[in-house]
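The values are calculated or read from the model by the stated rules, or taken from the named source; none is laboratory data. Keep in mind it's a predicted model, so treat the numbers as computed, not measured. In this analysis, Cβ positions are derived from the backbone assuming ideal geometry, glycine residues included, and neighbour counts consider all displayed protein chains. Quick note on the areas: whole protein, heavy atoms, side chains included, nothing else; ligands and nucleic acids left out. Shrake-Rupley method; radii C 1.70, N 1.55, O 1.52, S 1.80 Å.
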Amino acid sequence: MKDCLGNPVHLQDRSSLAALNDFVEGFITCEARAVNVLAAADHDRSAIVQASCAALHMFAESPEGQVNARPFIDAARQAPQSSEREQRFVAAVAAWIDGDMARAMDLHDEQAQQHPRDLVSIKLGQYHRFNVGDAAGMLHLAQAALPAAGNVPQMHGMAAFAWEQCHLLAQAEAAARRALAMTEREPWAQHALAHVMLSQGRLQEGLQFMHHSSATWTGLNSFMQTHNWWHLALFAIDLGQNDTALALYDQQVWGVVKEYSQDQIGAISLLARLELAGVDVGDRWQDVADHLQGRTHDQVLPFLDLQYLYGLARAGRPEAQTLLRNIEAFGAAHAPAGVNTDNSQAARVWREVAVPAARGLMAHALGHHAQALEGLGQALPRLLEIGGSHAQRDLFEQIHLDALMHCGHWTAAQQLVQTLCNTQPQSRRLQRQAARIYSVLGISITA
(Lines give C-alpha, C1' and ligand atoms only; values in the text may rest on other atoms or scores of the structure.)
Protein backbone atom coordinates (compact mmCIF):
# COMPACT_ATOMS: atom_id res chain seq x y z
CA MET A 1 0.00 0.00 0.00
CA LYS A 2 1.01 3.61 -0.59
CA ASP A 3 -0.20 6.85 0.92
CA CYS A 4 -1.63 9.67 -1.18
CA LEU A 5 1.88 11.00 -1.88
CA GLY A 6 3.16 7.64 -3.07
CA ASN A 7 5.07 6.67 0.08
CA PRO A 8 4.84 2.91 0.84
CA VAL A 9 3.09 2.21 4.14
CA HIS A 10 2.75 -0.87 6.33
CA LEU A 11 -0.70 -1.07 7.90
CA GLN A 12 -2.27 -3.80 9.97
CA ASP A 13 -5.71 -2.93 8.63
CA ARG A 14 -6.26 -1.90 5.01
CA SER A 15 -9.22 0.21 6.04
CA SER A 16 -6.81 2.51 7.92
CA LEU A 17 -5.42 3.89 4.67
CA ALA A 18 -8.21 6.43 4.27
CA ALA A 19 -7.66 7.76 7.79
CA LEU A 20 -3.89 7.87 7.28
CA ASN A 21 -4.37 9.79 4.03
CA ASP A 22 -6.62 12.22 5.86
CA PHE A 23 -3.71 12.82 8.22
CA VAL A 24 -1.14 13.19 5.44
CA GLU A 25 -3.25 15.46 3.25
CA GLY A 26 -4.88 17.23 6.18
CA PHE A 27 -1.56 18.02 7.80
CA ILE A 28 0.05 19.55 4.73
CA THR A 29 -3.15 21.41 3.74
CA CYS A 30 -3.77 22.63 7.32
CA GLU A 31 -7.19 20.95 7.37
CA ALA A 32 -9.02 19.67 10.42
CA ARG A 33 -9.46 16.21 8.90
CA ALA A 34 -5.88 15.37 9.93
CA VAL A 35 -7.31 14.23 13.27
CA ASN A 36 -9.24 11.41 11.56
CA VAL A 37 -6.19 9.18 11.97
CA LEU A 38 -6.93 9.02 15.70
CA ALA A 39 -9.96 6.84 14.94
CA ALA A 40 -7.70 4.21 13.35
CA ALA A 41 -5.35 3.92 16.32
CA ASP A 42 -7.41 1.41 18.30
CA HIS A 43 -7.63 -1.19 15.56
CA ASP A 44 -4.35 -0.52 13.75
CA ARG A 45 -1.15 -0.68 15.79
CA SER A 46 1.11 -0.01 12.81
CA ALA A 47 4.09 2.27 13.34
CA ILE A 48 3.00 5.01 10.97
CA VAL A 49 -0.54 5.25 12.34
CA GLN A 50 0.61 5.33 15.95
CA ALA A 51 3.39 7.85 15.27
CA SER A 52 0.98 10.09 13.39
CA CYS A 53 -1.35 10.09 16.40
CA ALA A 54 1.58 10.89 18.69
CA ALA A 55 2.50 13.88 16.51
CA LEU A 56 -1.06 15.18 16.63
CA HIS A 57 -1.03 15.13 20.43
CA MET A 58 2.29 17.00 20.49
CA PHE A 59 0.71 19.84 18.56
CA ALA A 60 -1.22 20.66 21.72
CA GLU A 61 2.05 22.44 22.61
CA SER A 62 1.57 21.66 26.27
CA PRO A 63 2.95 19.25 28.89
CA GLU A 64 -0.33 17.33 28.62
CA GLY A 65 0.27 16.84 24.92
CA GLN A 66 3.58 15.18 25.67
CA VAL A 67 1.93 12.85 28.22
CA ASN A 68 -0.86 11.97 25.80
CA ALA A 69 1.57 11.34 22.95
CA ARG A 70 3.81 8.89 24.78
CA PRO A 71 1.54 5.78 24.67
CA PHE A 72 1.21 6.20 20.91
CA ILE A 73 4.93 6.48 20.30
CA ASP A 74 5.57 3.51 22.57
CA ALA A 75 3.13 1.50 20.46
CA ALA A 76 4.81 2.73 17.27
CA ARG A 77 8.18 1.51 18.51
CA GLN A 78 6.72 -1.93 19.19
CA ALA A 79 5.08 -2.33 15.78
CA PRO A 80 6.15 -5.63 14.19
CA GLN A 81 6.70 -4.40 10.63
CA SER A 82 7.72 -1.03 9.30
CA SER A 83 9.96 0.44 6.63
CA GLU A 84 13.14 2.40 7.12
CA ARG A 85 11.19 5.58 6.26
CA GLU A 86 8.51 4.81 8.81
CA GLN A 87 11.08 3.94 11.46
CA ARG A 88 12.87 7.25 10.91
CA PHE A 89 9.59 9.12 11.25
CA VAL A 90 8.86 7.25 14.48
CA ALA A 91 12.32 8.11 15.78
CA ALA A 92 11.85 11.78 14.90
CA VAL A 93 8.52 12.03 16.71
CA ALA A 94 9.98 10.14 19.67
CA ALA A 95 12.87 12.62 19.87
CA TRP A 96 10.34 15.46 19.84
CA ILE A 97 8.44 13.88 22.72
CA ASP A 98 11.71 13.37 24.62
CA GLY A 99 12.67 17.01 24.09
CA ASP A 100 15.72 16.13 21.97
CA MET A 101 15.04 18.68 19.28
CA ALA A 102 18.49 18.48 17.72
CA ARG A 103 17.99 14.79 16.99
CA ALA A 104 14.44 15.37 15.76
CA MET A 105 15.59 18.02 13.30
CA ASP A 106 18.51 15.89 12.09
CA LEU A 107 16.14 12.99 11.41
CA HIS A 108 13.74 15.17 9.44
CA ASP A 109 16.68 16.50 7.41
CA GLU A 110 17.77 12.94 6.70
CA GLN A 111 14.23 11.98 5.71
CA ALA A 112 14.12 14.86 3.23
CA GLN A 113 17.21 13.48 1.53
CA GLN A 114 16.09 9.87 1.52
CA HIS A 115 12.32 10.26 1.04
CA PRO A 116 11.58 13.75 -0.31
CA ARG A 117 7.90 12.98 -0.87
CA ASP A 118 7.37 12.43 2.85
CA LEU A 119 5.89 15.91 3.11
CA VAL A 120 4.55 15.34 6.61
CA SER A 121 8.17 14.94 7.72
CA ILE A 122 9.23 17.98 5.69
CA LYS A 123 6.54 20.18 7.23
CA LEU A 124 7.22 18.87 10.72
CA GLY A 125 10.93 19.54 10.29
CA GLN A 126 10.13 23.08 9.18
CA TYR A 127 7.93 23.54 12.23
CA HIS A 128 10.79 22.58 14.56
CA ARG A 129 13.30 24.82 12.80
CA PHE A 130 10.80 27.68 12.83
CA ASN A 131 10.51 27.32 16.59
CA VAL A 132 14.25 27.89 17.04
CA GLY A 133 14.51 30.70 14.49
CA ASP A 134 16.35 28.62 11.87
CA ALA A 135 14.91 30.03 8.64
CA ALA A 136 17.82 28.75 6.55
CA GLY A 137 17.15 25.24 7.83
CA MET A 138 13.50 25.59 6.80
CA LEU A 139 14.55 26.55 3.28
CA HIS A 140 17.11 23.75 3.08
CA LEU A 141 14.37 21.22 3.84
CA ALA A 142 12.09 22.65 1.19
CA GLN A 143 14.78 22.67 -1.46
CA ALA A 144 15.67 19.05 -0.71
CA ALA A 145 12.09 18.00 -1.37
CA LEU A 146 11.09 20.22 -4.29
CA PRO A 147 12.65 18.20 -7.13
CA ALA A 148 10.65 15.11 -6.15
CA ALA A 149 7.47 16.85 -4.92
CA GLY A 150 7.16 19.80 -7.26
CA ASN A 151 3.78 18.56 -8.48
CA VAL A 152 2.31 19.07 -4.99
CA PRO A 153 1.08 22.65 -4.49
CA GLN A 154 1.59 22.49 -0.73
CA MET A 155 5.29 21.87 -1.31
CA HIS A 156 5.54 25.27 -2.98
CA GLY A 157 3.61 26.80 -0.08
CA MET A 158 6.16 25.36 2.34
CA ALA A 159 8.97 26.72 0.21
CA ALA A 160 7.32 30.13 -0.01
CA PHE A 161 7.17 30.58 3.75
CA ALA A 162 10.78 29.44 4.12
CA TRP A 163 11.91 31.93 1.46
CA GLU A 164 9.99 34.69 3.24
CA GLN A 165 11.49 33.90 6.63
CA CYS A 166 14.92 34.23 4.97
CA HIS A 167 13.88 37.72 3.75
CA LEU A 168 14.08 36.50 0.14
CA LEU A 169 10.78 38.08 -0.76
CA ALA A 170 10.82 37.84 -4.57
CA GLN A 171 11.48 34.10 -4.35
CA ALA A 172 8.79 33.76 -1.67
CA GLU A 173 6.19 35.47 -3.81
CA ALA A 174 7.08 33.39 -6.86
CA ALA A 175 6.75 30.16 -4.90
CA ALA A 176 3.46 31.23 -3.31
CA ARG A 177 1.97 32.24 -6.64
CA ARG A 178 3.08 28.95 -8.19
CA ALA A 179 1.25 27.07 -5.44
CA LEU A 180 -1.87 29.20 -5.93
CA ALA A 181 -1.74 28.70 -9.69
CA MET A 182 -1.92 24.97 -9.01
CA THR A 183 -4.80 25.33 -6.53
CA GLU A 184 -6.46 28.47 -5.19
CA ARG A 185 -7.12 26.62 -1.95
CA GLU A 186 -3.60 26.64 -0.48
CA PRO A 187 -3.81 28.54 2.82
CA TRP A 188 -0.12 28.23 3.66
CA ALA A 189 0.83 29.87 0.36
CA GLN A 190 -1.78 32.59 0.98
CA HIS A 191 -0.25 33.07 4.41
CA ALA A 192 3.28 33.32 2.97
CA LEU A 193 2.13 35.89 0.42
CA ALA A 194 0.48 37.93 3.19
CA HIS A 195 3.87 38.00 4.93
CA VAL A 196 5.54 39.23 1.75
CA MET A 197 2.99 41.99 1.22
CA LEU A 198 3.24 43.11 4.84
CA SER A 199 7.04 43.18 4.67
CA GLN A 200 6.99 45.20 1.45
CA GLY A 201 4.37 47.67 2.68
CA ARG A 202 1.76 46.54 0.15
CA LEU A 203 -0.94 46.98 2.75
CA GLN A 204 -4.00 47.76 0.64
CA GLU A 205 -3.10 44.97 -1.79
CA GLY A 206 -2.59 42.59 1.13
CA LEU A 207 -5.95 43.47 2.65
CA GLN A 208 -7.72 42.87 -0.66
CA PHE A 209 -5.81 39.65 -1.34
CA MET A 210 -6.63 38.13 2.03
CA HIS A 211 -10.28 39.21 1.79
CA HIS A 212 -10.50 37.45 -1.57
CA SER A 213 -8.69 34.37 -0.26
CA SER A 214 -10.94 34.06 2.80
CA ALA A 215 -13.63 32.38 0.68
CA THR A 216 -11.36 29.31 0.60
CA TRP A 217 -10.78 29.14 4.36
CA THR A 218 -13.20 26.27 4.99
CA GLY A 219 -12.42 23.00 6.71
CA LEU A 220 -9.15 24.34 8.09
CA ASN A 221 -7.71 23.60 11.51
CA SER A 222 -8.31 26.38 14.00
CA PHE A 223 -4.75 27.70 13.81
CA MET A 224 -4.75 28.19 10.05
CA GLN A 225 -8.25 29.64 10.04
CA THR A 226 -7.68 32.14 12.85
CA HIS A 227 -4.11 32.94 11.81
CA ASN A 228 -5.02 33.98 8.29
CA TRP A 229 -7.78 36.20 9.67
CA TRP A 230 -5.17 37.58 12.10
CA HIS A 231 -3.01 38.54 9.12
CA LEU A 232 -5.97 40.30 7.55
CA ALA A 233 -6.48 42.21 10.80
CA LEU A 234 -2.82 43.36 10.76
CA PHE A 235 -3.37 44.98 7.37
CA ALA A 236 -6.49 46.66 8.74
CA ILE A 237 -4.66 48.08 11.78
CA ASP A 238 -1.84 49.51 9.69
CA LEU A 239 -4.36 51.08 7.32
CA GLY A 240 -6.12 52.74 10.24
CA GLN A 241 -9.19 50.50 9.99
CA ASN A 242 -9.27 49.77 13.70
CA ASP A 243 -13.00 49.06 13.90
CA THR A 244 -12.57 46.43 11.20
CA ALA A 245 -9.65 44.85 13.06
CA LEU A 246 -11.62 44.76 16.32
CA ALA A 247 -14.56 43.14 14.54
CA LEU A 248 -12.21 40.55 13.05
CA TYR A 249 -10.93 39.80 16.54
CA ASP A 250 -14.46 39.22 17.81
CA GLN A 251 -15.78 37.29 14.83
CA GLN A 252 -12.82 35.37 13.41
CA VAL A 253 -9.66 35.38 15.53
CA TRP A 254 -10.91 34.56 19.03
CA GLY A 255 -13.47 31.91 19.72
CA VAL A 256 -12.80 28.96 17.40
CA VAL A 257 -10.82 26.77 19.86
CA LYS A 258 -10.17 28.92 22.89
CA GLU A 259 -8.23 26.15 24.61
CA TYR A 260 -5.61 25.91 21.84
CA SER A 261 -2.20 27.53 22.25
CA GLN A 262 -2.03 29.09 18.80
CA ASP A 263 -5.54 30.52 19.00
CA GLN A 264 -4.63 32.01 22.36
CA ILE A 265 -1.45 33.73 21.23
CA GLY A 266 -3.22 35.05 18.14
CA ALA A 267 -5.81 36.67 20.37
CA ILE A 268 -3.20 38.07 22.78
CA SER A 269 -1.11 39.48 19.97
CA LEU A 270 -4.05 41.11 18.21
CA LEU A 271 -5.44 42.67 21.39
CA ALA A 272 -2.01 44.04 22.27
CA ARG A 273 -1.55 45.53 18.79
CA LEU A 274 -4.99 47.12 18.94
CA GLU A 275 -4.16 48.74 22.27
CA LEU A 276 -0.82 49.97 20.95
CA ALA A 277 -2.75 51.52 18.05
CA GLY A 278 -4.90 53.41 20.56
CA VAL A 279 -7.97 51.17 20.54
CA ASP A 280 -9.96 50.60 23.72
CA VAL A 281 -10.46 46.81 23.81
CA GLY A 282 -12.82 46.91 26.79
CA ASP A 283 -12.85 43.80 28.96
CA ARG A 284 -11.68 41.43 26.23
CA TRP A 285 -8.46 40.60 28.11
CA GLN A 286 -10.51 38.89 30.81
CA ASP A 287 -12.00 36.23 28.54
CA VAL A 288 -8.57 35.43 27.10
CA ALA A 289 -7.03 35.27 30.58
CA ASP A 290 -9.70 32.81 31.69
CA HIS A 291 -8.19 30.38 29.18
CA LEU A 292 -4.56 31.20 30.08
CA GLN A 293 -4.74 30.49 33.80
CA GLY A 294 -3.71 26.86 33.33
CA ARG A 295 -0.62 27.79 31.30
CA THR A 296 1.61 28.85 34.20
CA HIS A 297 3.59 25.59 34.24
CA ASP A 298 3.84 24.98 30.49
CA GLN A 299 7.37 26.08 29.51
CA VAL A 300 7.15 24.21 26.21
CA LEU A 301 8.18 27.03 23.86
CA PRO A 302 9.44 30.43 25.10
CA PHE A 303 7.61 32.23 22.28
CA LEU A 304 4.30 30.94 23.68
CA ASP A 305 5.06 31.58 27.34
CA LEU A 306 5.97 35.22 26.69
CA GLN A 307 2.58 35.91 25.16
CA TYR A 308 0.70 33.97 27.82
CA LEU A 309 2.48 36.14 30.37
CA TYR A 310 1.51 39.39 28.66
CA GLY A 311 -2.12 38.33 28.36
CA LEU A 312 -2.36 37.39 32.03
CA ALA A 313 -0.63 40.60 33.10
CA ARG A 314 -2.85 42.82 30.95
CA ALA A 315 -5.86 41.17 32.56
CA GLY A 316 -4.41 41.86 36.01
CA ARG A 317 -4.32 38.19 36.95
CA PRO A 318 -2.04 37.01 39.78
CA GLU A 319 -1.15 33.99 37.64
CA ALA A 320 1.11 36.35 35.66
CA GLN A 321 3.50 36.54 38.61
CA THR A 322 3.42 32.74 38.91
CA LEU A 323 4.22 32.32 35.24
CA LEU A 324 7.07 34.84 35.42
CA ARG A 325 8.59 32.99 38.39
CA ASN A 326 8.27 29.70 36.52
CA ILE A 327 9.95 31.11 33.40
CA GLU A 328 12.80 32.41 35.58
CA ALA A 329 13.10 29.07 37.38
CA PHE A 330 13.01 27.13 34.14
CA GLY A 331 15.79 29.24 32.69
CA ALA A 332 17.92 28.82 35.81
CA ALA A 333 17.39 25.09 36.27
CA HIS A 334 18.56 23.69 32.95
CA ALA A 335 21.93 22.93 31.39
CA PRO A 336 24.73 25.12 32.77
CA ALA A 337 26.27 27.79 30.59
CA GLY A 338 29.44 26.70 28.83
CA VAL A 339 28.28 23.19 27.96
CA ASN A 340 28.35 23.06 24.17
CA THR A 341 25.28 21.01 23.32
CA ASP A 342 22.08 21.86 21.50
CA ASN A 343 20.06 21.19 24.64
CA SER A 344 22.17 23.66 26.61
CA GLN A 345 21.68 26.13 23.76
CA ALA A 346 17.93 25.81 24.25
CA ALA A 347 18.43 26.39 27.98
CA ARG A 348 20.50 29.49 27.27
CA VAL A 349 17.69 30.85 25.10
CA TRP A 350 15.30 30.50 28.00
CA ARG A 351 17.75 32.04 30.45
CA GLU A 352 19.33 34.78 28.32
CA VAL A 353 16.47 35.75 26.02
CA ALA A 354 13.14 34.59 27.39
CA VAL A 355 13.76 35.64 31.01
CA PRO A 356 14.68 39.29 30.28
CA ALA A 357 11.93 39.49 27.65
CA ALA A 358 9.42 38.15 30.18
CA ARG A 359 10.48 40.73 32.76
CA GLY A 360 10.20 43.48 30.16
CA LEU A 361 6.77 42.38 28.96
CA MET A 362 5.45 42.07 32.49
CA ALA A 363 6.74 45.54 33.31
CA HIS A 364 5.12 47.05 30.21
CA ALA A 365 1.79 45.39 30.93
CA LEU A 366 1.88 46.93 34.41
CA GLY A 367 2.91 50.38 33.15
CA HIS A 368 6.52 50.23 34.37
CA HIS A 369 8.11 51.45 31.18
CA ALA A 370 11.70 51.96 32.33
CA GLN A 371 11.82 48.35 33.48
CA ALA A 372 10.22 47.31 30.21
CA LEU A 373 13.03 49.02 28.31
CA GLU A 374 15.66 47.27 30.38
CA GLY A 375 14.28 43.77 29.83
CA LEU A 376 13.25 44.13 26.21
CA GLY A 377 16.43 46.01 25.32
CA GLN A 378 18.44 43.04 26.51
CA ALA A 379 16.29 40.48 24.69
CA LEU A 380 15.51 42.11 21.34
CA PRO A 381 18.91 41.57 19.64
CA ARG A 382 18.47 37.80 20.12
CA LEU A 383 14.71 37.54 19.82
CA LEU A 384 15.00 35.43 16.65
CA GLU A 385 16.13 32.56 18.87
CA ILE A 386 12.74 32.17 20.55
CA GLY A 387 11.05 31.35 17.23
CA GLY A 388 7.95 32.86 15.71
CA SER A 389 7.76 34.75 12.44
CA HIS A 390 8.94 38.28 11.69
CA ALA A 391 5.34 39.47 11.78
CA GLN A 392 4.70 37.78 15.12
CA ARG A 393 7.89 39.03 16.80
CA ASP A 394 7.09 42.54 15.63
CA LEU A 395 4.71 42.74 18.60
CA PHE A 396 7.68 42.80 21.01
CA GLU A 397 9.32 45.55 18.96
CA GLN A 398 6.10 47.60 19.05
CA ILE A 399 5.96 47.21 22.83
CA HIS A 400 9.60 48.30 23.09
CA LEU A 401 8.86 51.38 20.97
CA ASP A 402 5.88 52.23 23.15
CA ALA A 403 8.09 52.03 26.23
CA LEU A 404 10.67 54.31 24.59
CA MET A 405 8.03 56.97 23.99
CA HIS A 406 6.59 56.66 27.49
CA CYS A 407 10.09 57.15 28.89
CA GLY A 408 10.67 60.22 26.73
CA HIS A 409 13.39 58.72 24.56
CA TRP A 410 12.09 60.58 21.53
CA THR A 411 15.28 60.58 19.48
CA ALA A 412 15.60 56.82 19.73
CA ALA A 413 11.91 56.48 18.89
CA GLN A 414 12.36 58.70 15.82
CA GLN A 415 15.17 56.51 14.54
CA LEU A 416 13.01 53.40 14.80
CA VAL A 417 9.77 54.82 13.48
CA GLN A 418 11.19 56.70 10.51
CA THR A 419 13.04 53.60 9.35
CA LEU A 420 9.75 51.73 9.44
CA CYS A 421 7.88 54.54 7.70
CA ASN A 422 10.38 54.41 4.84
CA THR A 423 9.44 50.79 4.10
CA GLN A 424 5.76 51.11 5.05
CA PRO A 425 4.57 54.36 3.43
CA GLN A 426 0.93 53.20 3.46
CA SER A 427 0.87 52.62 7.22
CA ARG A 428 -1.36 55.18 8.90
CA ARG A 429 -0.46 53.65 12.27
CA LEU A 430 3.20 54.51 11.74
CA GLN A 431 2.34 57.92 10.30
CA ARG A 432 0.44 58.79 13.49
CA GLN A 433 3.35 57.67 15.64
CA ALA A 434 5.82 59.63 13.53
CA ALA A 435 3.67 62.78 13.68
CA ARG A 436 3.55 62.57 17.46
CA ILE A 437 7.32 62.09 17.71
CA TYR A 438 8.12 64.98 15.39
CA SER A 439 5.69 67.21 17.26
CA VAL A 440 7.43 66.50 20.55
CA LEU A 441 10.86 66.99 18.98
CA GLY A 442 9.72 70.25 17.41
CA ILE A 443 10.80 69.16 13.96
CA SER A 444 9.04 69.90 10.70
CA ILE A 445 9.64 67.31 7.99
CA THR A 446 8.02 69.31 5.22
CA ALA A 447 10.60 69.88 2.49
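Data table
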| quantity | calculated |
| --- | --- |
| Residue list for the stretch 228-244, restricted to those being open to solvent by 20 Å² or more (accessible area, probe 1.4 Å) and either touching a helix residue (DSSP H, G or I) at 6+ places or on another chain (Cβ under 6 Å) or closer than 17 Å to Ala192 by Cβ (or both) | Trp229, Gly240, Thr244 |
| Verdict on Arg432 being over 20 Å from Glu164 (Cβ atoms) and among the charged types (D, E, K, R) | yes |
| The stretch 276-308, residues that are free of Cβ contacts under 8 Å to residues at least 24 places away in the same chain, in a helix (DSSP H, G or I) and either farther than 23 Å from Ala333 by Cβ or touching a Gly at 6+ places or on another chain (Cβ under 7 Å) (or both) | Asp290 |
| Output for the stretch 103-118, where each listed residue is aliphatic (A, V, I, L, M) and under 23 Å from Ala75 (Cα atoms) | Ala104, Met105, Leu107 |
| Residues located in the stretch 121-134, provided they are open to solvent by 10 Å² or more (accessible area, probe 1.4 Å), closer than 18 Å to Ile97 by Cβ and either outside any loop (DSSP other than H, G, I, E, B) or small (Gly, Ala, Ser) (or both) | Lys123, Tyr127, Arg129 |
| For Ala51: the one exception among (1) farther than 29 Å from Phe161 by Cα; (2) at pLDDT 95 or above | (1) |
| Residue within the stretch 352-375 that is touching a residue at least 12 places away in the same chain (Cβ under 8 Å), surrounded by fewer than 19 Cβ atoms within 10 Å (Cβ to Cβ), closer than 25 Å to Glu64 by Cβ and not hydroxyl-bearing (Ser, Thr, Tyr) present | no |
| Matching residues in the stretch 145-156 - criterion: being surrounded by fewer than 20 Cβ atoms within 10 Å (Cβ to Cβ) and part of a helix (DSSP H, G or I) | Leu146, Pro147, Ala148 |
| Tally of residues being farther than 17 Å from Arg273 by Cα, open to solvent by 70 Å² or more (accessible area, probe 1.4 Å) and touching a helix residue (DSSP H, G or I) at 6+ places or on another chain (Cβ under 9 Å) across the stretch 421-447 | 8 |
| Helices (runs of 4 or more DSSP H) wholly inside the stretch 18-120 that include at least 3 residues being without any contact (Cβ under 8 Å) to a residue 12 or more places away in the chain and under 30 Å from Thr226 (Cβ atoms) | 63-77 |
| Hits in the stretch 318-351 - residues which are open to solvent by 30 Å² or more (accessible area, probe 1.4 Å), β-branched (Val, Ile, Thr) and modelled with pLDDT of 70 or more | Thr322 |
